[in-house]
1. Can you pull out the residues in the stretch 482-521 that are open to solvent by 70 Å² or more (accessible area, probe 1.4 Å) and either in a helix (DSSP H, G or I) or in contact with a Pro (Cβ under 7 Å, 6 or more places away or on another chain) (or both)?
2. Among the residues of the stretch 333-373, which ones are among the aromatic types (Phe, Trp, Tyr) and touching a Phe, Trp or Tyr at 6+ places or on another chain (Cβ under 6 Å)?
3. Quickly run through the stretch 424-438 and pick out the residues that are in contact with a Leu (Cβ under 9 Å, 6 or more places away or on another chain), at pLDDT 70 or above and either open to solvent by 10 Å² or more (accessible area, probe 1.4 Å) or among the hydrophobic types (A, V, I, L, M, F, W, C) (or both).
4. Using beta carbons and a limit of 6 Å, which pairs, at least six apart or on different chains, have the first residue in the stretch 358-370 and touching a residue at least 40 places away in the same chain (Cβ under 8 Å) and the second one open to solvent by 50 Å² or more (accessible area, probe 1.4 Å)?
5. For the stretch 193-234, name all the residues that are modelled with pLDDT of 70 or more, under 30 Å from Ala142 (Cα atoms) and out of contact with any Ser or Thr (no Cβ under 7 Å at 6 or more places or on another chain).
6. Hey, could you check the stretch 380-407 for residues that are open to solvent by 60 Å² or more (accessible area, probe 1.4 Å) and either modelled with pLDDT of 80 or more or on the phi > 0 side of the Ramachandran plot (or both) and say which is farthest from the chain's Cα centre (by Cα)?
7. Does Ala122 qualify as being touching a residue at least 40 places away in the same chain (Cβ under 8 Å), in contact with a helix residue (DSSP H, G or I) (Cβ under 7 Å, 6 or more places away or on another chain) and farther than 19 Å from Met288 by Cβ?
8. Could you please give the count of residues in the stretch 306-355 that are in contact (Cβ under 8 Å) with a residue 60 or more places away in the chain and more than 26 Å from the chain's Cα centre (by Cα)?
Amino acid sequence: MKNVKWKITWIMSMAMLLIVSCPALAFAADEEEYVPELYGTIWSLVPPVVAIVLALITKEVYSSLFIGIVIGGLFYSGFSFEGTFNHVLSGGIISVLSDSYNVGILVFLVVLGAMVCMMNKAGGSAAFGRWAKTHIKSRIGAQLCTILLGCLIFIDDYFNCLTVGSVMRPITDEHNVSRAKLAYLIDATAAPVCIIAPISSWAAAVTGFVEGEDGFALFIRAIPYNYYALLTIAMMIVITIAKIDYGPMRKHEDNAILYNDLYTTPDRPYADAEKEIVENDRAKVMDMVLPVVILIAFCIVGIMYSGGFFSGTGFIESFSGSDASVGLSVASVFALIFAVIYYMGRRVLTFRECMDSVPEGFKAMVPAILILTFAWSLKAMTDSLGAAPYVAGVIQSSAESLMNFLPAIIFLIGCGLSFATGTSWGTFGVLIPIVVAAFEGSDETMMIISISACMAGAVCGDHCSPISDTTIMASAGAQCNHINHVNTQLPYAITVAVVSFFCYIIAGFLKSVLALPIAILLMIGTLLVIRQITGKEQDVKGEAA
């Protein structure tokens, strides 16, 4: 495996050398409208699929994503050397790094990294860990608290991943919960919770794609049919209380419980961050809690501000028209300023120590920033190859012939498109207008179920995909190796996806919210069967809990 990684690294190095040295890669003038030969065909899905498969096989995410990007550039340019690298750079990496939305997310990442670094230096993280040790006395309690906090922070999935990880890491580490399990709990309470929260950036995105209808009302009515999101929450609670772990997650949890090994694999990119936690006699629990609470409050205000709330726009409308990137980046900067003033006022940090935390926080977020940049670039390659129009055509061709099965079909297509492209919102933009056009004025209930199936499928694929920005941020929030997170989460997500698929078949015929209790019972029954197959936890592990 080391030889494989070395070869991939060597290939990447040579490719980057060619990029730098080739004079043809100078910034080109604007070109005429160009449509590649493979546009809107099944080949448009090949680059992300190759990247995902390579990442799962080699366990190395950077080179896998880069190879996927290069393949997308080759397909776009018709295998032209100059055209490929022009598109990879100008249409991919440079383009996504100059996008204002993406830059705002990166600013939020860096600022949050700086705040976490300050919390550690001030002794707030250590003080919170001591408090948690006396109040949360079991592994079950630590995991349930993680789930609860994730459900409470429903404003935005990016904010959810990083905040829940920062707050809960000391607690889950104290009770030997593996980083892979923490990453799963964070990821499963990010997008799945946001997609059923009426006041969130995700609700705003969905309502924006429903033209000619009351998007917010449709979103509310679709919540009981969003089986993937609801069943994911039910699954987390059941596997935590019943101590059900299977697949690669079982190994990670066994190592954490029996050997106090939170990582399992040798590669642990965030392990050095633990050294930054400082014991300070003057530190209090409030030194961690107050900056986090202020950050949450500022983020809510920031999102409302980006939607025009303070310019006279209504409360609901401000969320519908919000820009999460602007809201989170502005809010995080103000929260950072507050944290600096607060820690200096408490005399637990000097101004110099606060400023030193900024580059240190940036350094801690470099792995997440690199993966995000490559994932965004891969999405740009996929978009340029017309993956969205291809999928839209597949759905329209099957809409009339399989009407009762259409919610289940839409769910599967949403899963596939979101998994391949790593974006839920892009999937919404493709599928929801098609669903509205297919059912508008004919069968409103089926339209609501199908819209919900689209949202559920998009979240499911996003939840499973190693190139999803939410999945990447969940790894960063838990400070877990990214591929470990993907491998351990995949069996859990697939379990919920299979149950959800059958539930959408049932809902397509029942056309009633009565399908929801059936879905929950089916989910619980599936988990109990899995527990019987995989075997119950050993008594010694139960005692350790």
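1. Ile494, Val498, Phe502, Phe509, Leu510, Val513, Ile518, Leu521
2. Phe334
3. Residues satisfying the conditions are Leu431, Val435, Val436.
4. Close Cβ pairs (under 6 Å, with a partner that is open to solvent by 50 Å² or more (accessible area, probe 1.4 Å)) amount to Pro367/Pro269.
5. Hits for the stretch 193-234 are Val193, Ile195, Ile196, Ala197, Pro198, Ile223, Pro224, Ala229, Leu230, Thr232, Ile233, Ala234.
6. If we take residues in the stretch 380-407 being open to solvent by 60 Å² or more (accessible area, probe 1.4 Å) and either modelled with pLDDT of 80 or more or on the phi > 0 side of the Ramachandran plot (or both), then Phe405 is farthest from the chain's Cα centre (by Cα).
7. Here the answer is no, as Ala122 does not meet what is asked.
8. 9
The values are calculated or read from the model by the stated rules, or taken from the named source; none is laboratory data. Note that this is a predicted model, so its numbers are computed, not measured. For neighbour counting, all protein chains shown are included, and Cβ atoms are generated from backbone atoms with ideal geometry for every residue, glycine included. The area values use the complete protein model at the heavy-atom level, side chains included, leaving out ligands, DNA and RNA. Shrake-Rupley method; radii C 1.70, N 1.55, O 1.52, S 1.80 Å.
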